[in-house]
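The values are calculated or read from the model by the stated rules, or taken from the named source; none is laboratory data. Just so we're clear, the structure is a prediction, and the values are computed from it rather than from any experiment. Cβ placement follows ideal geometry from the backbone for every residue including glycine, while neighbour counts extend to all protein chains displayed. Side chains are part of the model used for accessible areas, which takes the heavy atoms of the whole protein and leaves out ligands, DNA and RNA. Shrake-Rupley method; radii C 1.70, N 1.55, O 1.52, S 1.80 Å.
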Amino acid sequence: MLLARFPALADPAATPLAERFAAGEVVDARGRAWAADDAVGAGDELWFHRELRPEEVPAEPLPILFRDEHLLVIDKPHDVATMPRGAHVLASALVRLRRDTGIEQLVPLHRLDRRTAGVLAFGVRPEERSAYQQLFARREVDKRYAALVLPGPGCTLPRTVGERAELADRMEKRRGELTARIVPGAPNAHTELEVLAAGDSKGEGPAESRALLLGLRPRTGRTHQLRLQLSSRGAPIAGEDLYPEPCPEPAGPLQLLALSLAFTDPVTGQAREFRSGRVLGGLARGEAPGI
């Protein structure tokens, strides 16, 4: 019955189910072990933990930009998941920070894609969590990003340093699908863009020489918003593996950086601003986009 309901239990890499019963790893709602041949009646509950696949967890701690009794802010590296998910559990930022700081109540106040690096804020006190999360929900946090993009022949973005543009699209992401899409309709995804640095303005030579360094200011927070908006305009972010077509092997780290967060602290009333110290595509350390 369990194998029929949960096929993952029959994975060759998983511990055989009979061994898990024998070890007392399958229990009832009160924590009492079930035997493999025990009868199961209507309404009975069987509990067991999902086995974790082997993970490589970096030994060095995550870089902390700020910490007090209310907030903990890190400068997240590329390819670190914010929350435990799928194959990324022990190596996720949340699990590592709880282990390293001993703060078991720590929660992320917003999320960054696993492949995006930069400023990521966590709440320390459960009773304050909602106040901080509502800042993001009400769009009262000024978020700045930098991206290194590789324009193709059909790129519609500006190419001259200092030029600006407004990106507005109707985005849709269906439950269970990995990627989002742009569809007809009133825009629900808005981003301000500025060209910070440009390669070959004639669009000649290898892709790397034509790269644009962009400053981005998302006004909304749709899943994969920056990645999809840029790719749909013929300028995918360097290292992109999802847009326009999924690729099995990403070509290096995604060159997208959450450069800064700024807001008025709803608990203390202080003006907060946190900046990444990471470098992206020649961007000077700590420099923020001008938009």
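Here is how the numbers come out for the structure above:
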{"read-out": "Cβ-Cβ under 9 Å pairs, at least 6 apart or on other chains, the stretch 156-168 side basic (Lys, Arg), far side open to solvent by less than 30 Å² (accessible area, probe 1.4 Å) and in a loop (DSSP other than H, G, I, E, B)", "value": "159/151; 164/158; 164/291"}
{"read-out": "Failed condition for residue 73, given (1) out of contact with any strand residue (DSSP E or B) (no Cβ under 9 Å at 6 or more places or on another chain); (2) crowded, with 17+ Cβ neighbours inside 10 Å; (3) modelled with pLDDT of 70 or more", "value": "(1)"}
{"read-out": "All positions within the stretch 59-88 that are farther than 18 Å from residue 129 by Cβ, acidic (Asp, Glu) and in a loop (DSSP other than H, G, I, E, B)", "value": "60, 79"}
{"read-out": "Scan of the stretch 97-123 for residues that are farther than 21 Å from residue 223 by Cα and either surrounded by fewer than 16 Cβ atoms within 10 Å (Cβ to Cβ) or in contact with a strand residue (DSSP E or B) (Cβ under 6 Å, 6 or more places away or on another chain) (or both), ordered by number", "value": "99, 100, 102, 104, 105, 106, 123"}
{"read-out": "Failed criterion for residue 91 (all others in (1) under 27 Å from residue 268 (Cα atoms); (2) touching a residue at least 12 places away in the same chain (Cβ under 8 Å); (3) more than 12 Å from the chain's Cα centre (by Cα) hold)", "value": "(1)"}
{"read-out": "Which numbered condition residue 136 fails, given (1) open to solvent by less than 30 Å² (accessible area, probe 1.4 Å); (2) outside any strand (DSSP E or B); (3) closer than 18 Å to residue 116 by Cβ", "value": "(1)"}
{"read-out": "Count - residues of the stretch 100-157 that are closer than 28 Å to residue 234 by Cβ, modelled with pLDDT of 95 or more and among the basic types (Lys, Arg)", "value": "2"}
{"read-out": "Any hit, the stretch 178-193, residues being modelled with pLDDT of 95 or more, among the small types (Gly, Ala, Ser) and surrounded by fewer than 14 Cβ atoms within 10 Å (Cβ to Cβ)", "value": "yes"}
{"read-out": "Test: residue 37 is open to solvent by 80 Å² or more (accessible area, probe 1.4 Å), assigned to a loop (DSSP other than H, G, I, E, B) and at pLDDT 70 or above", "value": "yes"}
